[in-house]
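The values are calculated or read from the model by the stated rules, or taken from the named source; none is laboratory data. A quick note: this is a predicted structure, and the numbers were derived from the prediction, not measured. Every residue, glycine as well, gets a Cβ built from its backbone with ideal geometry; the counts of neighbours run over all protein chains shown. These area figures cover heavy atoms from the full protein model, side chains too; ligands, DNA and RNA do not enter into them. Shrake-Rupley method; radii C 1.70, N 1.55, O 1.52, S 1.80 Å.
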Amino acid sequence: MSGNNVAGEVVDGEQAHAGGVKTYEVRTYGCQMNVHDSERLAGLLEGAGYVRSPEGTEEGDADVVVFNTCAVRENADNRLYGNLGRLAPMKTKRPGMQIAVGGCLAQKDRDTITKRAPWVDVVFGTHNIGKLPVLLERARVQEEAQVEIAESLEAFPSTLPTRRESAYAAWVSVSVGCNNTCTFCIVPALRGKEKDRRTGDILAEVEALVAEGVSEITLLGQNVNAYGSDIGDRQAFSKLLRACGKIEGLERVRFTSPHPRDFTDDVIAAMAETPNVMPQLHMPLQSGSDTVLRAMRRSYRQERFLSIIEKVRAAIPDAAITTDIIVGFPGETEEDFQQTLHTVREARFAQAFTFQYSKRPGTPAAEMDGQIPKEVVQERYMRLVALQEEISWEENKKQTGRVLEVMVAEGEGRKDGATRRLSGRAPDNRLVHFTKPDEEVRPGDVVTVEITYAAPHHLLAEGAPLAVRRTRAGDAWERRNAAPAPAPAPGVMLGLPTIGAPAPQPAPAGGCSTC
């Protein structure tokens, strides 16, 4: 897949005004961590008595509109203030309406948001999302904006109430913050230094999710495989993967995103030896040039990166490996770019999420000499995309004839209705469209299919499914959809690497989850 450093947006909205109950809407920008935070914001608001505004409701109709912002884009603030500006006249017509701004941009621009948009009621940061209901009530009672930005984490996102988007898959935070100092990334300054959760707390949350019917979890951290650095155990992450393998009923374990610096042999062994850890790895390259990697302040070089890929493939031959690449970083020469192309040819990624470099305000790279003209960046970008498309297609063609277990997903296949197909994810996270079986199949169930066709970004199983396995996860999905509350919204489109039912797609390279 390809991109232009553009993070997507999702609008959460479900239940209508009814009996005087207040409604809410959460708009999410950016990385997986923001998606996870937004599920917690929704849980907090519902715990405070709000209900989700119905899907398809006109903009500004909700009683509370929350912007969960991202700061990695060059024009992130312009986009936010444009959206806030559209809500200003709506709020004038509806005095009881409240607007809140949280996330990375709020952490960064705490002092300017209410000056530029004085109709905003609440500004909160990345460390104190749990305060949102209290701040909204305080703003209502005191009739003035509440700005509260904590400088350190008050509670791990996973410990807060949640309103998960999926009945059968879930995020689980293992850490927050980042200790890296990449010159293109402002996230460490906004999310703080890495702080790890206790292993027992993580496993207790996973066990509780499995008890609810979840069969796939994604371990989430801004540098997920550095888990343990805060607690002084360099093998803590591999131990965590192995511990997840012992949880009965947990069928699939994924994680995102690791950093090459911290990717050790014990993690590769744990992946290979733990049956429910999926044969999938998303590991950001960013550049194949040692010179550019040094300027990016990335603590590995091309040879180290390719050696990791080689070890992973030796231990897990069927592993699908994806990456992030930035094109046109300041000072990048044609020779530097050729080194990136060389690395892509050698690594043979299943997918590469490619981005044209753009300045991130507040980062060292934004002030560097040698900013590359846009037309040069664009031309290099197109060459990289063309090469990766060719490799992706060749790698996917190797899947033809394989028999795969596909976990049925919700919202993954935009054309499923017209084609009478369903869609889901193979163990290696490739997207598979398959013929709808005669018997009922629910999201979370597992269907065994034979791959008959490959395209660059998906696989197709045109014959009748070989088997259908109803699962506890499918039961959980059925229970949720039998309840009075409407079904969850379709998959979240955020420009993030897709990792299962939460269905994010690649985030801006160098952003919250691609360090």
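Inside segment 272-289, residues that are in contact (Cβ under 8 Å) with a residue 40 or more places away in the chain and either open to solvent by less than 10 Å² (accessible area, probe 1.4 Å) or in contact with a helix residue (DSSP H, G or I) (Cβ under 6 Å, 6 or more places away or on another chain) (or both) make up a count of 10.
Please determine, by comparing only the residues of segment 238-254 that are free of Cβ contacts under 8 Å to residues at least 40 places away in the same chain and not aliphatic (A, V, I, L, M), which one is farthest from Ile309 (Cα to Cα).
To start, the set of residues in segment 238-254 that are free of Cβ contacts under 8 Å to residues at least 40 places away in the same chain comprises 238, 241-242, 245-246, 248, 253.
Subset that is not aliphatic (A, V, I, L, M): 238, 242, 245-246, 248.
Working: Ser238: 17, Arg242: 21, Gly245: 23, Lys246: 27, Glu248: 30 Å.
My answer is Glu248.
For segment 409-425, which residues satisfy the criterion of being farther than 21 Å from Asp318 by Cβ and touching a Lys or Arg at 6+ places or on another chain (Cβ under 7 Å)? Matches in segment 409-425: Gly413, Arg420, Arg421, Leu422.
If the condition is being open to solvent by less than 10 Å² (accessible area, probe 1.4 Å), outside any strand (DSSP E or B), within 22 Å of Asp265 (Cα to Cα) and in contact (Cβ under 8 Å) with a residue 60 or more places away in the chain, then segment 309-348 contributes only Ala347. Tell me, yes or no, whether segment 244-251 has at least one residue that is closer than 25 Å to Thr181 by Cβ, open to solvent by 30 Å² or more (accessible area, probe 1.4 Å) and more than 21 Å from the chain's Cα centre (by Cα). No, the conditions are met nowhere in segment 244-251.
The set of residues in segment 290-308 being in contact (Cβ under 8 Å) with a residue 60 or more places away in the chain, in a helix (DSSP H, G or I) and within 15 Å of Arg261 (Cβ to Cβ) consists of Met296 alone. Of the residues making up segment 356-371, those that are basic (Lys, Arg), within 17 Å of Thr181 (Cβ to Cβ) and open to solvent by 40 Å² or more (accessible area, probe 1.4 Å) number 0. Looking at this structure, is Ala386 open to solvent by less than 30 Å² (accessible area, probe 1.4 Å) and either among the β-branched types (Val, Ile, Thr) or out of contact with any Lys or Arg (no Cβ under 6 Å at 6 or more places or on another chain) (or both)? When the stated conditions are applied, Ala386 does not pass them.
Number of residues in segment 27-56 that are open to solvent by 20 Å² or more (accessible area, probe 1.4 Å) and under 22 Å from Trp119 (Cα atoms): the value is 1.
Restricting to segment 189-218, give me the number of residues that are open to solvent by less than 40 Å² (accessible area, probe 1.4 Å), touching a residue at least 60 places away in the same chain (Cβ under 8 Å) and of a type outside the set (Asp, Glu). Summing the residues that are open to solvent by less than 40 Å² (accessible area, probe 1.4 Å), touching a residue at least 60 places away in the same chain (Cβ under 8 Å) and of a type outside the set (Asp, Glu) in segment 189-218 gives 7.
Among the residues of segment 389-405, write down those that are assigned to a helix (DSSP H, G or I) and open to solvent by less than 30 Å² (accessible area, probe 1.4 Å). The answer is Ile391, Ser392, Glu395, Asn396. No other residue among Phe305, Phe349, Phe355 is at pLDDT 95 or above, within 26 Å of the chain's Cα centre (by Cα), within 25 Å of Ala455 (Cα to Cα) and aromatic (Phe, Trp, Tyr) apart from Phe349.
Do we find that Lys108 is more than 18 Å from Leu135 (Cα to Cα) and without any contact (Cβ under 8 Å) to a residue 24 or more places away in the chain in this structure? It is false that Lys108 is more than 18 Å from Leu135 (Cα to Cα) and without any contact (Cβ under 8 Å) to a residue 24 or more places away in the chain.
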